[in-house]
1. Placing unit charges on C-beta atoms (Lys and Arg positive, Asp and Glu negative, everything else neutral), compute the dipole magnitude of the range 49-177 about its Cα centre in debye, rounded to 20.
2. Using Cα pairs closer than 8 Å and at least 6 residues apart in sequence, work out the relative contact order for the chain, in percent.
3. For the range 156-257, with only Lys/Arg (+1) and Asp/Glu (-1) charged at the beta-carbon, what is the dipole magnitude about the Cα centre, in debye rounded to 20?
4. Add +1 for every Lys or Arg and -1 for every Asp or Glu among the other residues with Cβ under 13 Å from the Cβ of Gly153, and state the total.
5. Once you sort the root eigenvalues of the Cα gyration tensor of the chain as a ≥ b ≥ c, which label holds: rounded (a/c under 1.5), prolate (a/b larger than b/c) or oblate (the other case)?
6. Would you kindly state the longest site-free stretch of the chain, with sites defined as trypsin sites (Lys or Arg not before Pro) in a DSSP loop (not H, G, I, E, B) surrounded by at most 15 other Cβ atoms within 10 Å?
7. Considering the Cα trace of the range 56-171, what is its radius of gyration and what is Dmax, both in angstroms?
8. Could you work out how far the C-alpha centroid of the range 66-121 sits from that of the range 143-204, in angstrom?
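The values are calculated or read from the model by the stated rules, or taken from the named source; none is laboratory data. Predicted model, so just to flag it, every value in this text is computed and none were measured. When we count neighbours, we look across all protein chains shown, and the Cβ atoms used for this are built from the backbone with ideal geometry, even at glycine. Heavy atoms of the whole protein, side chains included, go into the accessibility calculation; ligands, DNA and RNA do not. Shrake-Rupley method; radii C 1.70, N 1.55, O 1.52, S 1.80 Å.
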Amino acid sequence: MKTLSRLILFFSIVIFVSCGPTRVYTTGSYGSLKSYTEKQHYIDKKTTETYISGDLSFGKHPQEAATFNDKKTIAAMNVHRNTTGRHYNFYYGLGTAFGTYEFTEGYQGLIENGEKSTFFTVNLKSGINYTYTRPKVDWRFIGLELAYLNESGVYQDKLTKLSLVDDDDLYVANQKSMFTYQFYSEYVFKLSNRAAFTFGFYAGDLIYFKDADMYDGTTGFNGFTFGLRLNKYTFSAIFETAQGDIKSTKIGLTYKL
């Protein structure tokens, strides 16, 4: 009986997977939503600083049960202003990005092998966190960030055309405008008054998603952040994972004006 039950479970899984779409296309920015936000650590008084940053993101979108991955590359520029007090950080900023999405394999004459489409984004963000300040460490236990992102370009036009195709094996989950929230926690190890190492992690979701069937209605994302500040420069890295095993690695450089 145990063997029979296992066989039934196995074939149920196979049937369920086979009934789902083999190709799922999302907004190009999904899976690479987090941007690094440098925050000066607390020394002896409240300070406000302005930062400008650039980053490069490399991502993958698995297709057909992860038998191959579509690829994307995104270059971004951001500027933000941060206020640091003894018990908090508050920041706001804006940015823009240019990306390229590469379809690895063609699909029924709708997509060509190696076809590339570009997209553009503009974004706004604001956040705040509670900080427990010590001489050598700033413990930013809990933070909340809200962001808005709008995407346009050739890739968006491509998704619009694909969404009109009546094909059960093709699913387009496209959200041109995305409102997101994320909770995060960061730990700042103060190497000196001018240098620090920051480690953080975060988890968030879309506030509203018009196509609620995407991954059973789940659109969450999460990841880790790393930053090394030396004088006015900060070297950063972000590793993000979203639904459908969509992943990205982002490296960047921030300069304090």
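1. About 1080 debye.
2. 20 percent
3. 1220 debye
4. The answer is +2.
5. Prolate.
6. Between exposed loop sites, the widest span is 137-193.
7. For the range 56-171, the Cα radius of gyration and maximum Cα-Cα distance read 19.8, 62 Å.
8. Result: 8 Å between the Cα centres.
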